[in-house]
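Working notes, structure below.
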Amino acid sequence: MESATSNQPPERRTLLLTGASRGIGHATVKRFASAGWRVIACSRQPFPEDCPWDGGRENHVQVDLADVADTTRAIAEIKSRLPDGRLHALVNNAGISPKGAGGARLSSVTTPHEDWQKVFQVNFFAPIMLARGLMDELKATKGAVVNVTSIAGGRVHPFAGAAYATSKAALAALTREMASDFGPVGVRVNAISPGEIDTAILSPGTDKIVEQLPMRRLGTPEEVAKAIYFLCTEASSYVTGAELHINGGQHV
């Protein structure tokens, strides 16, 4: 006999995404939205009135992730946007990498102390603040967290600065710790580590790196978004604590 609930429509899943406005974040919005997910986007900027995505203002949270107090406030606001107390995925994509004069790389010697603090607050502390603050909502769905690290976290990169690189290395280690701590409540935590991706923030000279890649081309934001989607869905149901390299073989 058919159950009384079999005709119920499937639950619409919800993603919380930081750094949604461009590049990998923008492609991730499109990938999840095309699959029917509700996407709540966090941004430093106010809601753009010409936003093309469904959902509009109620799916936009303005927050400065460099500000601890504002991040704490935003977590409470996000909870209010989840009236059923359910969040299926959190993608920590926001990241900053300050440059010196003329776009110069900031080394461990030349990075000002305040830049170290700001970079780590956005790239490292904000992800764990959001995940801890929304742990109950993620637990309710046995959801997933994806942290966006970087190939720069594993080697000195010619363009990515020292603060950015070390914050991403720390985020990779945090991903392992979170996988261990969140796993017992059914929440999976993984990372994706992009290499040279064709976005607006590519530095001059990237073409020299591409010449050395096994695949001889840049990656696309859409290719990264597909990997994020994989890690947020049932296709990766027994994957946790992993860091998936998306770099055309740059790490080999």
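Bear in mind these aren't lab numbers, they're just calculated from the coordinates by the rules spelled out. These numbers come from a predicted model, not from an experiment. Cβ: placed from backbone, ideal geometry, glycine included. Neighbour counts: every protein chain shown.
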Using each residue's phi in the stretch 26-34, evaluate 6.51 cos²θ - 1.76 cosθ + 1.60 at θ = phi - 60° and report the 3J(HN,Hα) Karplus result to the nearest Hz, with x for Gly and Pro. 4, 5, 5, 4, 5, 5, 6, 4, 5
Quick one: check the C-alpha center-to-center distance for the stretch 126-171 versus the stretch 55-92, whole angstrom. 17
Of the candidate values [x] 18.3, 71; [y] 20.0, 61; [z] 19.3, 80, the one computed for Rg and Dmax of the Cα atoms in Å from this structure is [x]
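Taking a quarter of the surface of the Cα convex hull of the stretch 99-218, what do you get in nm²?
Values: hull surface 35.0 nm².
It is 8.8 nm².
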Taking R0 as 22 Å, what FRET efficiency do you get between LYS99 and VAL252 from their Cβ-Cβ distance, rounded to the nearest 0.05? 0.20
Tell me the mean residue ellipticity at 222 nm calculated for the chain from its helices only (DSSP H runs of n ≥ 4, each -39500 (n - 2.57), averaged over every residue, nearest 500). -10000 deg cm²/dmol
Residues whose built amide H sits under 5 Å from the amide H of ARG44, excluding neighbours closer than 5 in sequence, are VAL63
The stretch 67-75 - phi-based ³J(HN,Hα) in whole Hz, Karplus 6.51/-1.76/1.60, Gly and Pro as x: 10, 4, 5, 5, 5, 4, 4, 5, 4
Å³ per residue enclosed by the Cα convex hull of the stretch 1-147: 135
Residues with amide H under 5 Å of VAL39's amide H, sequence separation 5 or more or different chain, H placed in the peptide plane at 1.01 Å from N; which? LEU15
Each residue of the stretch 133-145 in order: what ³J(HN,Hα) in whole Hz does its phi give by Karplus 6.51 cos²θ - 1.76 cosθ + 1.60, θ = phi - 60°, with x for Gly and Pro? x, 10, 4, 5, 5, 6, 4, 4, 10, 6, x, 9, 10
Given H placed 1.01 Å from N in the peptide plane, which residues other than close sequence neighbours of LEU90 have an amide H under 5 Å from its amide H? LEU16, ALA144, VAL145, VAL146
Quickly work out the VAL109-to-ARG73 label distance, labels modelled 7 Å from Cα along the C-beta direction, and quote it in nm with one decimal. 4.1
